[in-house]
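Below is one structure; the comments refer to it alone.
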Amino acid sequence: MTAVTRTDHDPSDSAAAYYDLLAAAHGPAALPSVSYFASHARRTDRVLDIGAGTGRIALAIAEQGNRVYCVEPSAAMRAVLLAKLATSTALRDRVTVVPGAAPVFDLPGRFDYAYLAGVMQYLPGENRPLLFDTVVRHLRHGATLALDMIGGAPGSGWPTELVGDIAVGESTYALHCEATPVGLSALRMTLDYSTTLDGRLLSATRVERVRHFHSPQDTVDDLEAAGFTVIGGSATTAAEPPADGGTLLATLDHRHAGAAGALVR
Ligand SMILES: C[S@@+](CC[C@H](N)C(=O)[O-])C[C@H]1O[C@@H](n2cnc3c(N)ncnc32)[C@H](O)[C@@H]1O
């Protein structure tokens with residue numbers, strides 16, 4: 001039987017056309033950091049990118065010779081990534097793109113390195129144990145997991161500010177963002193994507209999203225409960241909020257993993 005195609009609109013669909021442009025506007029300093037996440041992929045590794053977006057990081061890792069599995073809920077984000085793969089036979093052989101979302105997904109095989117780059121913000125803290133158990137089920141013994149967006153606090157939010165803009169020909173693509181607190185560990189973000197030509201508004205799209213904050217200690221505790229040992233990352237040491245978004249790096253020892261680890265033999 002043919003799989004059912006979901007037609008629901010994902011909030012990231014509205015961001016997809018702007019995503020790489022706004023990353024380019026910030027240059028090599030754009031977060032999530034491509035160099036940070038790519039640096040943990042050893043050659044010949046089988047790599048899992050959870051929330052791959054347009055493949056900024058996945059393609060950099062695939063260009064090193066690795067095979068990368070990309071899980072991404074947004075059809076528009078996947079479409080941008082697939083369009084990039086259309087132009088390279090070599091990368092098309094190494095990069096697999098599938099619809100899916102944390103905290104629960106089920107992929108074939110085991111991976112040597114997994115990462116969530118810019119994704120933890122979309123998961124509430126109570127989903128971390130389920131997420132880490134899911135990740136454990138997909139990793140080999142000794143595998144590495146990298147995360148960012150750990151630490152920081154919602155504070156009192158901020159009024160509308162320009163996140164970034166970039167010219168393409170005579171058009172300008174821009175993102176403005178306003179944030180208001182929701183409880184103690186989340187912000188409601190109002191994201192306004194706009195396209196202008198000669199100062200005239202051609203297109204405007206508003207997206208409302210909740211951004212969740214994760215305490216470094218609670219996240220480390222959940223990683224250790226799942227069988228990981230935390231070996232580094234700015235979230236373990238930096239004053240908050242860390243400039244790189246707050247990273248954690250962990251390795252998996254299946255002997256210390258719980259029920260999820262027991263499935264991987
Ligand atoms: C800030 S973007 C980061 C994209 C990419 N990882 C990068 O670093 O360029 C966040 C991505 O996470 C995806 N996402 C949101 N919720 C998710 C979930 N529950 N599971 C997996 N990915 C999710 C979004 O669709 C979006 O593509």
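The values are calculated or read from the model by the stated rules, or taken from the named source; none is laboratory data. In this text, all values refer to a predicted model and were calculated from it rather than measured experimentally. We place every Cβ from the backbone using ideal geometry, glycine too, and count neighbours over all the protein chains shown.
Which residue is nearest to the ligand (Cβ to nearest atom), if the candidates are limited to region 105-123 and must be over 14 Å from the mean Cα position of the chain (by Cα) and assigned to a loop (DSSP other than H, G, I, E, B)?
Residue satisfying both the conditions and the ranking: F105.
So, T229, is that one of a type in the set (V, I, T) and within 19 Å of G118 (Cα to Cα) or not? Before the answer, list the steps.
On the way: of a type in the set (V, I, T): yes; within 19 Å of G118 (Cα to Cα): no.
Against the criterion (of a type in the set (V, I, T) and within 19 Å of G118 (Cα to Cα)), T229 does not qualify.
Of the residues that make up region 84-91, is at least one buried (at least 18 other Cβ atoms within 10 Å of the Cβ), more than 13 Å from the ligand (Cβ to nearest atom) and part of a strand (DSSP E or B)?
Among the residues of region 84-91, not one is buried (at least 18 other Cβ atoms within 10 Å of the Cβ), more than 13 Å from the ligand (Cβ to nearest atom) and part of a strand (DSSP E or B), which makes the answer no.
Could you list all residues from region 124-139 that are of a type in the set (V, I, T) and more than 15 Å from the chain's Cα centre (by Cα)? Reasoning before the result, please.
Taking region 124-139 as the starting set, the residues that turn out to be of a type in the set (V, I, T) are 134-136.
Within region 124-139, T134, V136 qualify.
With surrounded by fewer than 23 Cβ atoms within 10 Å (Cβ to Cβ) and either out of contact with any strand residue (DSSP E or B) (no Cβ under 9 Å at 6 or more places or on another chain) or in contact (Cβ under 8 Å) with a residue 12 or more places away in the chain (or both) as the only criterion, which of A143, A76 stands out?
Numbers: A143 fails: surrounded by fewer than 23 Cβ atoms within 10 Å (Cβ to Cβ).
Going through A143, A76 in turn, the sole match is A76.
Since A102 meets every condition but one in (1) surrounded by 15 or more Cβ atoms within 10 Å (Cβ to Cβ); (2) more than 10 Å from the ligand (Cβ to nearest atom); (3) under 19 Å from F228 (Cβ atoms), which condition does it not meet?
(2)
For region 38-54, what are the residues that are touching a residue at least 60 places away in the same chain (Cβ under 8 Å) and either more than 12 Å from the ligand (Cβ to nearest atom) or farther than 23 Å from C177 by Cβ (or both)?
Just the residues of region 38-54 that are touching a residue at least 60 places away in the same chain (Cβ under 8 Å), to begin with: 40-42, 45-51, 53.
Answer for region 38-54, where residues must be touching a residue at least 60 places away in the same chain (Cβ under 8 Å) and either more than 12 Å from the ligand (Cβ to nearest atom) or farther than 23 Å from C177 by Cβ (or both): H40, A41, R42, D45, R46, V47, L48, D49, I50.
So for region 136-152 (the condition being hydroxyl-bearing (S, T, Y), out of contact with any helix residue (DSSP H, G or I) (no Cβ under 8 Å at 6 or more places or on another chain) and either more than 17 Å from E224 (Cβ to Cβ) or part of a helix (DSSP H, G or I) (or both)), does at least one residue qualify?
Start the filter on region 136-152 by keeping residues that are hydroxyl-bearing (S, T, Y), which leaves 144.
If we keep only those that are out of contact with any helix residue (DSSP H, G or I) (no Cβ under 8 Å at 6 or more places or on another chain) as well, we get 144.
Restricting the remaining residues to those that are either more than 17 Å from E224 (Cβ to Cβ) or part of a helix (DSSP H, G or I) (or both) gives none.
Checked region 136-152: no residue is hydroxyl-bearing (S, T, Y), out of contact with any helix residue (DSSP H, G or I) (no Cβ under 8 Å at 6 or more places or on another chain) and either more than 17 Å from E224 (Cβ to Cβ) or part of a helix (DSSP H, G or I) (or both).
Are there any pairs, at least 6 apart or on different chains, whose C-beta atoms fall under 9 Å, with the first in region 7-22 and on the phi < 0 side of the Ramachandran plot and of a type in the set (A, V, I, L, M) and the second at pLDDT below 95 and near the ligand (Cβ under 8 Å from one of its atoms), and if so, which?
L22/A15
Quick check on my filter: what residues within region 23-55 are assigned to a helix (DSSP H, G or I) and crowded, with 24+ Cβ neighbours inside 10 Å? Steps first, please.
If we filter region 23-55 for residues that are assigned to a helix (DSSP H, G or I), which is where we start, we get 23-29, 34-38.
Listed by number, the list holds a single entry, F37.
Might you check whether a residue that is in contact (Cβ under 8 Å) with a residue 60 or more places away in the chain, of a type in the set (F, W, Y) and under 17 Å from S14 (Cβ atoms) occurs anywhere in region 172-185?
For region 172-185, residues in contact (Cβ under 8 Å) with a residue 60 or more places away in the chain, of a type in the set (F, W, Y) and under 17 Å from S14 (Cβ atoms): present.
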